[in-house]
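Okay, so here's the structure we're looking at.
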């Protein structure tokens, strides 16, 4: 079994390349995209079309609803299930998407966590009734670690409370004594290189295409069904439409905001990919099919 990863900024052509390579090299695809994971977010996530999804088995797409929680630990469990399925069925595996933090979690790993007793869960539930006090409790015991957690981040505060109460250790102590272990080793990562001006053009074209496909109607329907408080509803392409629906932006301003914010995201993605992954094979989109095919061929020599 061979597995590779394809990364690159948004609108760089990752999905189409992954589908072409999967068809050519007998592979399943697992998505590392923080929006494609959600059902009903089709246009805003720029996920592959129904026809494209039918060509190759995709995982990590349309897995949960907007009101369900998703995090990197859940993604890792999903990856392990897909990996075992691919291996059992004699398939290769292609990891693709723009949320490279998920890929980093596979190559670097996560620290194991203790099992939480019912007593611990009950105590933490009671503490969370006063979120500011719960945050202060953690901050007084581990000020350095808690710098990276906001006072309003109820999810992460709950996780750190569970860890601290169950283990009787601070988060810093626990993670020092339980360092992460890589889940994938020796993974070949292919990075799509694209000039910033060309990428901006592609982002503009895709934004206009998304609007023609019904982006505003999709977001309006999502808001009506789920409200605005879920993490998915704060994503680029969604929040700008909500501002337009509120009357805070004209249509032209909404479009420009989506393009600008998406371009800024693309720049952050490029920086992350460049600094967090070593020994990547970087090339322009047109050159990568040959390089990827050579990689699969070498596996079987």
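The values are calculated or read from the model by the stated rules, or taken from the named source; none is laboratory data. If you're wondering where the values come from, they're calculated on a predicted model, not measured in any experiment. Heads up, the Cβs are rebuilt from the backbone with ideal geometry, glycines too, and the neighbour counts pull from every protein chain shown.
Taken as a whole, the condition of being surrounded by fewer than 16 Cβ atoms within 10 Å (Cβ to Cβ) and at pLDDT 95 or above does not apply to residue 63.
Would you be able to say whether some residue in region 262-270 is closer than 19 Å to residue 95 by Cα and in contact with a strand residue (DSSP E or B) (Cβ under 7 Å, 6 or more places away or on another chain)? Scanning region 262-270 turns up no residue that is closer than 19 Å to residue 95 by Cα and in contact with a strand residue (DSSP E or B) (Cβ under 7 Å, 6 or more places away or on another chain).
The residue of region 274-301 that is farthest from residue 102 (Cα to Cα), among those that are over 25 Å from the mean Cα position of the chain (by Cα) and not in a helix (DSSP H, G or I), is 301.
Would you confirm whether or not region 135-147 contains a residue that is in contact with a strand residue (DSSP E or B) (Cβ under 6 Å, 6 or more places away or on another chain), under 29 Å from residue 265 (Cβ atoms) and at pLDDT 95 or above? No; the residues of region 135-147 include none that is in contact with a strand residue (DSSP E or B) (Cβ under 6 Å, 6 or more places away or on another chain), under 29 Å from residue 265 (Cβ atoms) and at pLDDT 95 or above.
Can you pull out every residue in region 12-31 that is part of a helix (DSSP H, G or I) and either touching a residue at least 60 places away in the same chain (Cβ under 8 Å) or outside the structural domain of residue 220 (by TED's automatic domain parsing) (or both)?
Hits for region 12-31 are 14, 15, 17, 18, 20, 21, 22, 24.
Residue pairs whose Cβ atoms lie under 8 Å apart, separated by 6 or more positions or on different chains, with the first residue in region 72-91 and more than 23 Å from residue 231 (Cβ to Cβ) and the second in a helix (DSSP H, G or I) and at pLDDT 95 or above, are 91/85.
Each row is one residue, and each column tells you yes or no for (1) in the same structural domain as residue 230 (by TED's automatic domain parsing); (2) surrounded by 15 or more Cβ atoms within 10 Å (Cβ to Cβ); (3) farther than 30 Å from residue 268 by Cα.
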| site | (1), (2), (3) |
| --- | --- |
| 83 | yes, yes, no |
| 91 | yes, yes, yes |
| 102 | yes, yes, no |
| 106 | yes, yes, no |
| 124 | no, yes, yes |
| 131 | no, yes, yes |
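The residues in region 32-58 that are in a strand (DSSP E or B) and either in contact (Cβ under 8 Å) with a residue 60 or more places away in the chain or under 13 Å from the mean Cα position of the chain (by Cα) (or both) can be counted, and the count is 1. Does residue 256 qualify as being touching a strand residue (DSSP E or B) at 6+ places or on another chain (Cβ under 6 Å) and either farther than 30 Å from residue 79 by Cβ or in the same structural domain as residue 78 (by TED's automatic domain parsing) (or both)? The answer is no for residue 256.
Each row is one residue, and each column tells you yes or no for (1) closer than 21 Å to residue 73 by Cβ; (2) not assigned by TED's automatic domain parsing to the domain that holds residue 95.
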position	(1), (2)
128	yes, yes
140	no, yes
144	no, yes
151	no, yes
162	yes, yes
187	yes, no
196	no, no
205	no, no
232	yes, no
